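The values are calculated or read from the model by the stated rules, or taken from the named source; none is laboratory data. What you see is a predicted model, and the numbers here were worked out from it, not measured in a lab. Every residue, glycine among them, receives a Cβ derived from its backbone with ideal geometry; neighbour counts consider all protein chains shown.
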Amino acid sequence: MQLIHTIAELRAALSQYRHPAVVPTMGNLHAGHLALVRQAKPLGDVTVSTIFVNRLQFAPHEDFDTYPRTLEADCAQLEAAGCDIVFAPSEQELYPQPQTFKVHPPTELADILEGHFRPGFFIGVCTVVMKLLAVTQARTALFGKKDYQQLMVIRNMVKQFALPIDVVGGETQRSEAGLALSSRNGYLSPAQREEALLLSATLRKIVTALRAGASDVAQLEAEGMHALRSAGWVPDYVAVRRQADLQAPRGGDDLVVLAAARLGSTRLIDNMEV
């Protein structure tokens, strides 16, 4: 496995390949990232993972400076998973001058849910992903479904810009108890990891109700918010939306239930498709 830090070196290494399969990450990897790498292996002739903590998607009060940087451990895991190239640029390498050209996704998709509570987040995500797709010459790109709205935004961006890239979603990886794997789980104490199971349990209860024929979506959302608040969480949203565009459901739509909530100082997100 090659560890590469510059765009020039990356392009030289990729010159012999025609179909890179790319897994963009911010590092601090867990089993969910590694599952994406293994999923990528048969989808291209070289598997590339990027590791870059993207300042553009962090608000001033968020955890950019304290976000874990674990490059050595990440590389060991990626090599074991069969990754061929790790691209880990410095901030100066990827943004050699202020990134004044940015990708602005449509408000109806990017300013709801996560975008409502993290203004500008998806501008930062789209901008860095667009740049990483360009420098890695990706022909297939894999993103986890745990960040469901992010996957939707990126799929639409690639489609509207007519990029020759297949965007593939990987299923959310969970602990045996059901907690969605996330880099931010590392912020949780052992006791909080047990408490964190309430988030997936709340989603699962709503999914069960929907499958049983429940139609009062607002009531289900309110009950989910109440369950989290009653347990001491600070929820941002519990929402039932259409899978197709994350808008309010209509009869017969495939649905997804999404939630974001803060447990102590750690903000967790999760979702389940119906």
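At-a-glance table
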read-out	value
Scan of region 79-118 for residues that are in contact with a strand residue (DSSP E or B) (Cβ under 8 Å, 6 or more places away or on another chain), surrounded by fewer than 16 Cβ atoms within 10 Å (Cβ to Cβ) and of a type in the set (G, A, S), ordered by number	G82
Single unsatisfied condition, V217 versus (1) under 19 Å from L179 (Cβ atoms); (2) surrounded by 13 or more Cβ atoms within 10 Å (Cβ to Cβ); (3) touching a strand residue (DSSP E or B) at 6+ places or on another chain (Cβ under 9 Å)	(1)
Criterion violated by F122 - all others in (1) at pLDDT 95 or above; (2) under 21 Å from V37 (Cα atoms); (3) not charged (D, E, K, R) satisfied	(2)
Number of the condition not met by D65 [criteria: (1) exposed (fewer than 15 other Cβ atoms within 10 Å of the Cβ); (2) closer than 18 Å to H5 by Cβ; (3) not small (G, A, S)]	(2)
Count - residues of region 119-136 that are in contact with a helix residue (DSSP H, G or I) (Cβ under 9 Å, 6 or more places away or on another chain) and either surrounded by fewer than 19 Cβ atoms within 10 Å (Cβ to Cβ) or of a type in the set (A, V, I, L, M) (or both)	9
Scope region 220-244; condition touching a residue at least 60 places away in the same chain (Cβ under 8 Å) and either hydrophobic (A, V, I, L, M, F, W, C) or surrounded by fewer than 13 Cβ atoms within 10 Å (Cβ to Cβ) (or both); matching residues	A239
Among residues of region 100-118, those that are of a type outside the set (S, T, N, Q) and out of contact with any helix residue (DSSP H, G or I) (no Cβ under 9 Å at 6 or more places or on another chain), counted	3
Of residues in region 71-118 being more than 18 Å from the chain's Cα centre (by Cα) and of a type in the set (V, I, T), the one farthest from D147 (Cα to Cα)	T100
Residue in region 12-24 that is under 25 Å from S175 (Cβ atoms) and among the hydroxyl-bearing types (S, T, Y) present	no
Hits in region 158-209 (condition: surrounded by 14 or more Cβ atoms within 10 Å (Cβ to Cβ), over 21 Å from the mean Cα position of the chain (by Cα) and not hydrophobic (A, V, I, L, M, F, W, C))	Q192, E195, K205
Pair list, Cβ under 8 Å, 6 or more apart: region 69-93 residue over 18 Å from A12 (Cα atoms), other residue surrounded by 13 or more Cβ atoms within 10 Å (Cβ to Cβ) and of a type in the set (K, R)	A81/R38; G82/R38; G82/K41; E91/R55
Hits in region 151-194 - residues which are closer than 29 Å to Q2 by Cβ and in contact with a helix residue (DSSP H, G or I) (Cβ under 6 Å, 6 or more places away or on another chain)	I154, M157, I165, V167, G169, G170, Q173, L181
One residue from L268, L258, L199 being of a type in the set (A, V, I, L, M) and not in a strand (DSSP E or B)	L199
